[in-house]
Amino acid sequence: MLPFLLLAVVATVQAQLPGSCNFEADTCGYTSDPLFTSWTLNPEGNFITVDSVQQQGKEVRGGEEGSRESAGRRGGEEKRGGEEGRRESTGSRAVLLSPVMGLEVWSCLRLVYQVSGSGSLQVQQRLEGQSFDRPLWNSHTPSDSWVIASVDLHNTTEDWRVVLEGWAGDAPDSSVAVFEIRIIPGFCLECDYEDSHLCGYGNQWNTNVNWYVGGGVARDPDSTLPDDHTHNNGTGHYMYVDSVYAKTFKEVAKLSSPMTTVPMSGCLSFQYQRGEERGNLFSVYTRDQSGQYQDLWRADADETSWSAGTWEWIPVQVDLKAPYPLQVVFEVTFNSPRGGHVALDDISFSPDFCSAETEPTFEPAVANCDFEHGFCRYSQDQHTDSSPWKRVSVRPNIYRAGDHTTGAGSFLLAHSRLGPRTGYVSRLFGPVLPGNMKYCLRFYYSLRGFNQTDQALEVYLQDQASASLDRIWTQGERSRGIWVSSDVTFQIAQPAKVMFVSTCRSFWDCGTAALDDITVSLGDCDLTAVPGALLSVPGHCDFEAGVCGYTQDRAGDAGDWVRNRGPTPTSYTGPRGDHTTGLGYYMHIEASPMMSGQNVRLLSSSLRGARGPQCLRFYHHMYGSGTGQLRVLLSRDGEETLLWKRGGEQSITWLRATVEYQCDHQHQIVFEATRGPSVRSDIAIDDVVFQSGSCPEIEIQTGHVPSNSNDIE
């Protein structure tokens, strides 16, 4: 069984909300989803677990706990609640559901857990009536002891449940265990250090100087350390670091908050004491997931907490803008053993900025544009030597690729043959971006026909004060006529505009440069959401990191769905690249080894039903003179219902499809591809997404398009 390390208990117990559980005697109303492997309550209490080979214990099942001595459940046919039901083969995947709760205030969920071997654990939020759970946090990092995770929970007026999904993994001795679930009001950054887990704050171990818990009934009566700020007496607790053990120059002690899980902007407050101000430096930083630091606050060199013969707590307020996950780091540096001490207490956070004069957090979405309904907030250059970018659309056809957004929508095009001159310079300006911030720019481009030029497409930053230009990206190679994703991280000190430039001085060296789906977000591109990096959502898949639980239907299949990158083996059929990035992966059927009329089926993982409508969106590629048919089916209790179908050659580009359906029971979605009359019948899918509620847009009706329909509108 898993080894574990009990945490030290602090006298004061923080107020807890419904849904909290320490698993001492029972599971506090938490139950296992009967469609998956059961979580097991340790016979001696204290934690629940799911193992690659289940140990003897009590099964957490449907509100009842029954003894069992079985090895892990594997799936198959079984009786459940008097009804015969098919159970998905899920290995040691276990889903634990909390009781139904309400959450009208912002709260923090703290989870004490351990992952061993190849196991993983994910926390989700299930809103009543919603068909898909909202991923909040996950971990697949093994540890030798208990670990504390902190997850911020938005306030909501709807009823909801906590969902814990544990995967024991396939490796021997793999397991996942949960020791405690604690839900408390407030933000996860907040802490008065009266909590037994210290609110998930952690000390970065140093041989000589470290942060320690101060105060409490067991304190040294001869200690010169202060009373805590929370209770203003000797029984409360705080964190402190002392220089008495410092042995070298610049000894550093770091105390780090838990990593935030949601964007946070507002006022960070805390109380501190500082002795011997000339012997130490006290600073506060933020640290992102890549380990990059940014200054937040620093104590004045001459400031001290000693006043009128007593130590006093000094309040601090500082504005915090966290558009992506980060930690707050409290750092103290000592120059000698006589550097005194620093104490910290009562960290709090407010969503309102400390000062009314603080500018609100910039919303970078104003710079996003898919060009479906115009130029958004982008503008053209008025120089006499410029040739404007044209907003164009291409009807689905077998010669020219359409836009990236839908395959039949609009995009921007710079083209030497659209103007009277032999060459061109096309400049496109984005909206003004505020200074002193880091940004991530993402966009899709497609280049055709360029010959030996590094100016086919460039991206510049134009400073709004000096009008100076700084090139941050360039591309001169052809993209084979496919849409390729690119991103660039940049930081600006002063307000600036992003400028896209396509240049061609000679008609014979020029081609076409196309732009689509521009997005701007705050922070480093490596730290913001990228394809394949999203938390696991059933059915979602861009196939970049695998097949996301999709399986082949072996019964009667004459071939296979194949995960592929680049062109398919057969010429004049199939895509030349995926839809996600242009250089990634997709799923397709290779028609060569199949006979006409034979089909292959790809099944999603099991999806939970809901009373309301659900929306499926995916991209399909059906190019080739012998293309057959693609169907989407809903499979439930052995019966199938047709939701969508297309037959025959559709387009040389990826086309978006949206399917709205309703199913209030557990079900699967089936992608069924049928080979046409010739080997030029490859069919592909990519970027499958499921959403609760009605589809926001009507599907593009393409049908079979004549081969000469390649006009630019």
Exercise for review: Return yes when Ala301 is without any contact (Cβ under 8 Å) to a residue 12 or more places away in the chain and either in a loop (DSSP other than H, G, I, E, B) or closer than 30 Å to Thr406 by Cβ (or both) and no when it is not.
Suggested key: no
Point to revise | Elements of type strands (runs of 3 or more DSSP E) in the range 306-372, at least 3 residues being open to solvent by 50 Å² or more (accessible area, probe 1.4 Å) | key: 314-322
Practice item. Scan the range 693-700 and give yes if some residue there is β-branched (Val, Ile, Thr) and either buried (at least 19 other Cβ atoms within 10 Å of the Cβ) or without any contact (Cβ under 8 Å) to a residue 12 or more places away in the chain (or both), otherwise no. Key: no
Exercise for review: Give the range 649-668 a look and list any residue that's buried (at least 17 other Cβ atoms within 10 Å of the Cβ), outside any strand (DSSP E or B) and not hydrophobic (A, V, I, L, M, F, W, C), or say none.
Suggested key: Glu649, Gln650, Ser651, Thr653
Exercise for review: Return the total of residues in the range 513-537 being surrounded by fewer than 21 Cβ atoms within 10 Å (Cβ to Cβ) and either aromatic (Phe, Trp, Tyr) or modelled with pLDDT under 85 (or both).
Suggested key: 11
Review point. Which residues, taken from the range 595-630, are among the hydrophobic types (A, V, I, L, M, F, W, C) and in contact with a Lys or Arg (Cβ under 9 Å, 6 or more places away or on another chain)?
Key: Met595, Val600, Phe618, Met622, Leu630
Point to revise | Within the range 577-591, considering residues that are open to solvent by less than 10 Å² (accessible area, probe 1.4 Å) and part of a strand (DSSP E or B), the one nearest to Arg675 (Cα to Cα) | key: Ile589
Practice item. Starting from residues that are among the polar types (S, T, N, Q) and part of a loop (DSSP other than H, G, I, E, B), keep the ones in the range 248-294 and report whichever is surrounded by the fewest Cβ atoms within 10 Å (Cβ to Cβ). Key: Ser290
Practice item. Please tell me if Trp297 is open to solvent by 10 Å² or more (accessible area, probe 1.4 Å), in contact with a strand residue (DSSP E or B) (Cβ under 7 Å, 6 or more places away or on another chain) and at pLDDT below 85. Key: no
Practice item. Return the residue satisfying two criteria in turn: it lies in the range 29-43 and is in contact (Cβ under 8 Å) with a residue 40 or more places away in the chain and part of a loop (DSSP other than H, G, I, E, B), and of such residues it is nearest to Arg161 (Cα to Cα). Key: Tyr30
Point to revise | Among (1) among the β-branched types (Val, Ile, Thr); (2) surrounded by 19 or more Cβ atoms within 10 Å (Cβ to Cβ); (3) farther than 30 Å from Arg395 by Cβ, the one test that Thr641 misses | key: (2)
Review point. Does any residue in the range 329-355 that is at pLDDT 90 or above come within less than 8 Å, Cβ to Cβ, of a residue that is open to solvent by less than 40 Å² (accessible area, probe 1.4 Å) and of a type in the set (Asp, Glu) six or more places away or on a different chain, and which pairs are these?
Key: Thr333/Glu251; Asp345/Asp228
Check your understanding: Quick one: would you say Ala558 is open to solvent by less than 20 Å² (accessible area, probe 1.4 Å) and touching a residue at least 40 places away in the same chain (Cβ under 8 Å)?
Key -> no
Exercise for review: Six or more apart or on different chains, Cβ under 8 Å: which pairs go from a residue in the range 624-635 that's among the basic types (Lys, Arg) to one that's open to solvent by 20 Å² or more (accessible area, probe 1.4 Å)? Could you list them?
Suggested key: Arg631/Leu642; Arg631/Lys645; Arg631/Thr674
**Study point:** Every residue from the range 618-656 that is touching a Phe, Trp or Tyr at 6+ places or on another chain (Cβ under 8 Å) and of a type in the set (D, E, K, R)
**Key:** Arg631, Glu649, Arg656
Practice item. Mind listing whichever residues of the range 398-421 are modelled with pLDDT under 80 and polar (S, T, N, Q)? Key: Ser416
Point to revise | Residue in the range 669-713 that is nearest to Gln130 (Cα to Cα), counting only those that are hydroxyl-bearing (Ser, Thr, Tyr) and either in contact with a strand residue (DSSP E or B) (Cβ under 7 Å, 6 or more places away or on another chain) or at pLDDT 80 or above (or both) | key: Ser692
Check your understanding: Where in the range 65-169 are the strands (runs of 3 or more DSSP E), entirely inside, with at least 1 residues that are at pLDDT 90 or above and more than 18 Å from Tyr30 (Cα to Cα)?
Key -> 107-116, 120-127, 134-139, 147-153
Check your understanding: Can you pull out the residues in the range 453-468 that are modelled with pLDDT under 95, in contact with a Phe, Trp or Tyr (Cβ under 7 Å, 6 or more places away or on another chain) and within 20 Å of Pro434 (Cα to Cα)?
Key -> none
Review point. So Ser175 clears everything in (1) over 18 Å from Gly117 (Cα atoms); (2) crowded, with 21+ Cβ neighbours inside 10 Å; (3) polar (S, T, N, Q) except one condition, right? Which one?
Key: (1)
Check your understanding: Where residues in the range 377-397 are in contact with an Asp or Glu (Cβ under 8 Å, 6 or more places away or on another chain) and at pLDDT 90 or above, which of them is surrounded by the most Cβ atoms within 10 Å (Cβ to Cβ)?
Key -> Val392
Revision key, fill the gap. Restricted to the range 104-117 and to residues being in contact (Cβ under 8 Å) with a residue 60 or more places away in the chain and farther than 13 Å from Val178 by Cβ, the residue surrounded by the fewest Cβ atoms within 10 Å (Cβ to Cβ) is Val105
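Residues checked against (1) free of Cβ contacts under 8 Å to residues at least 40 places away in the same chain; (2) touching a helix residue (DSSP H, G or I) at 6+ places or on another chain (Cβ under 8 Å); (3) within 23 Å of Gln650 (Cβ to Cβ); (4) not acidic (Asp, Glu):
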{"residue": "Cys541", "(1), (2), (3), (4)": "no, no, yes, yes"}
{"residue": "Val547", "(1), (2), (3), (4)": "no, no, no, yes"}
{"residue": "Asp553", "(1), (2), (3), (4)": "no, no, no, no"}
{"residue": "Arg565", "(1), (2), (3), (4)": "yes, no, yes, yes"}
{"residue": "Thr573", "(1), (2), (3), (4)": "no, no, yes, yes"}
{"residue": "His579", "(1), (2), (3), (4)": "no, no, yes, yes"}
{"residue": "Gly582", "(1), (2), (3), (4)": "no, no, yes, yes"}
{"residue": "Tyr585", "(1), (2), (3), (4)": "no, no, yes, yes"}
{"residue": "Glu590", "(1), (2), (3), (4)": "no, no, yes, no"}
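What number of residues within the range 92-108 satisfy the criterion of being closer than 24 Å to Leu35 by Cβ and not charged (D, E, K, R)?
9
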**Study point:** Subset of the range 172-190 (residues that are charged (D, E, K, R) and more than 17 Å from Leu41 (Cα to Cα))
**Key:** Asp173, Arg182, Glu190
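So for the range 256-263 (the condition being more than 28 Å from Ser139 (Cα to Cα), touching a Phe, Trp or Tyr at 6+ places or on another chain (Cβ under 9 Å) and touching a residue at least 24 places away in the same chain (Cβ under 8 Å)), does at least one residue qualify? Don't jump to the end; show me each part of the working.
Our first condition is that a residue be more than 28 Å from Ser139 (Cα to Cα); within the range 256-263, this holds for none.
No, the range 256-263 has no match at all.
The values are calculated or read from the model by the stated rules, or taken from the named source; none is laboratory data. These numbers come from a predicted model, not from an experiment. Neighbour counts are summed over all protein chains in view; Cβ atoms, including those assigned to glycine, are modelled from backbone coordinates with ideal geometry. SASA here: full protein model, heavy atoms, side chains in, ligands and nucleic acids out. Shrake-Rupley method; radii C 1.70, N 1.55, O 1.52, S 1.80 Å.
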